[in-house]
Amino acid sequence: MAEDRMMTAADVALQVMGGEHGDLLRDAIVLVCREVMEAEITARVGAEHGERSSERTAHRNGYRPRAWETRVGEIELLIPRARSGPAYFPSFLEPRRRSEQAIVAVVLEAYVNGVSTRKVDRLVEQLGIQGMDKDRVSRLCRALDEQVELFRQRPLDGSYPYLWLDAKQLKVRDQGHVRSKAAVIAYAVHESGSREIVGLDLGEIESEAFWLEFLRSLKASGLEGVKLVISDHHEGLKNAIARTISAPWQRCTVHFVRNMHQHCRPAQRGLVSAALREVFNASDQAQARERVGAVIARLEPIAPKVARLLEDAEEDLIAFYAFPQAHWTKLRSTNPLERVNREIGRRSDVVGIFPNDAAAIRLAGALLIEQNDEWLVGRRYLSEESMRLVLYATTDRDDHPNKKDNEEVIELNAA
């Protein structure tokens, strides 16, 4: 039992007297923490362990283990639980990160509303949160929803020359049915070179109308100065970009290569991949065009459909060459967003089926807020000097007030 694993003050003293004090500091921390938790849970329930008292408001309900990383190593705490009332959390521990709170909120919302799965029921039991009622769950959800909504509706300041768009399929309960819905994410590079999450929404299908509404909402928030949009191939999205942003579109080269594998024999996939890499690793756009022609001629006899699709997609696949060379590897695919999507997928797998749209947005939004915070305090994704090349690329440098600065940037890039 959990109680049997507890170390008393006498145990610590015996270790010191016996010379077995290699972990004395660690054991002392465990002891102090246990005493603090016991004092706090006693104050919470209104009585000591096993005490009969008229002031008692609740009873204890055992312990739950939790690992705690400290300077003396990982410590396993045994956190007391109350049978009723608010869940107890030690005052000396940091509360869960926002994303962890969101997972708990989604799990609880599904549980208390009777739409949980066996997976959710197991999680509720493991987390020791069976005693939560609908009112407390609603308060937790509202607090998180307010944070996510403020993040989604925040104004965007400055220019965002590069914009990535992608979608992640999630299973959501809707009017008694489980439906697959698209969580769409927009992430951009600010003129300063820092990355930001600039948009999140949930839609029934990735139709042109949905993408059009999403992009218009980004513009209403202040998205401007977009020079290139990067995404996977979707005709509706491509049309929506043309109607709202009027910027060149870069088709994700990684997805294109994968798609081409479906149009050739397995034995030809290595050859097709190598040929396409030649196009995407050219020294400039002119050489890329030459290589496209050569690759089409080479693939026409053995993989005619791949050759035809490459010819149709040529302009969209090499759009990134019009921008600074230092940016090319980051502009030719949606890989940066793929990593974010994988994290959302990993967390959504914990839940399985979201109880409603708000729960899906809550979890994805909490994760994206944390990712955005990490990006803003981390190193710049692209240098500020190279971003200036993009910002002033279409400006008449002779009339621009920063003409001298622009010339220095061009010289820097040439060097």
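Taking the conditions (1) outside any helix (DSSP H, G or I); (2) touching a residue at least 12 places away in the same chain (Cβ under 8 Å); (3) open to solvent by 20 Å² or more (accessible area, probe 1.4 Å) in turn, SER283 satisfies each one other than (2).
Looking across the range 234-259, just one residue is under 26 Å from ALA303 (Cα atoms), in contact with a Leu (Cβ under 7 Å, 6 or more places away or on another chain), of a type outside the set (S, T, N, Q) and open to solvent by less than 10 Å² (accessible area, probe 1.4 Å), and that is PHE256.
Quick check: is even one residue across the range 167-174 within 19 Å of the chain's Cα centre (by Cα), among the polar types (S, T, N, Q) and more than 20 Å from HIS327 (Cα to Cα)? Within the range 167-174 (the criterion being within 19 Å of the chain's Cα centre (by Cα), among the polar types (S, T, N, Q) and more than 20 Å from HIS327 (Cα to Cα)), the answer is yes, since at least one residue qualifies.
Inside the range 291-349, can you point out the residues that are under 32 Å from the mean Cα position of the chain (by Cα) and outside any helix (DSSP H, G or I)? Selection gives ILE318, PHE323, PRO324, ARG332, SER333, THR334. Note on the range 32-57: residues that are within 25 Å of TRP68 (Cβ to Cβ) and open to solvent by less than 30 Å² (accessible area, probe 1.4 Å) amount to 5. Across the range 344-392, the qualifying residues are those that are aromatic (Phe, Trp, Tyr) and touching a Lys or Arg at 6+ places or on another chain (Cβ under 8 Å), and the one among them that is farthest from LEU165 (Cα to Cα) is PHE354.
Yes/no matrix, rows are residues, columns are (1) open to solvent by less than 60 Å² (accessible area, probe 1.4 Å); (2) at pLDDT 95 or above:
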| residue | (1), (2) |
| --- | --- |
| GLU191 | no, no |
| GLY199 | yes, yes |
| ILE205 | no, no |
| LEU223 | yes, yes |
| ASP232 | yes, no |
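For (1) of a type in the set (A, V, I, L, M); (2) surrounded by fewer than 16 Cβ atoms within 10 Å (Cβ to Cβ); (3) touching a Ser or Thr at 6+ places or on another chain (Cβ under 6 Å), each residue gets a yes or a no:
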{"position": "ASN341", "(1), (2), (3)": "no, no, no"}
{"position": "VAL350", "(1), (2), (3)": "yes, yes, no"}
{"position": "PHE354", "(1), (2), (3)": "no, no, no"}
{"position": "GLU374", "(1), (2), (3)": "no, yes, no"}
{"position": "ARG379", "(1), (2), (3)": "no, yes, no"}
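For a quick check of your reading of the model, give me the residue pairs whose first member lies in the range 297-326 and is free of Cβ contacts under 8 Å to residues at least 60 places away in the same chain and within 15 Å of LYS227 (Cβ to Cβ), whose second is open to solvent by less than 30 Å² (accessible area, probe 1.4 Å) and among the aliphatic types (A, V, I, L, M), with beta-carbon atoms closer than 6 Å and at least 6 apart or on different chains. Close Cβ pairs satisfying both conditions: TYR321/ALA288.
The values are calculated or read from the model by the stated rules, or taken from the named source; none is laboratory data. This one's a predicted model, so the numbers in the text were calculated from it and none came from an experiment. Backbone-built Cβ (ideal geometry, glycine too); neighbour counts: all protein chains shown. The accessibility values were calculated without ligands, DNA or RNA, using every heavy atom of the protein model including side chains. Shrake-Rupley method; radii C 1.70, N 1.55, O 1.52, S 1.80 Å.
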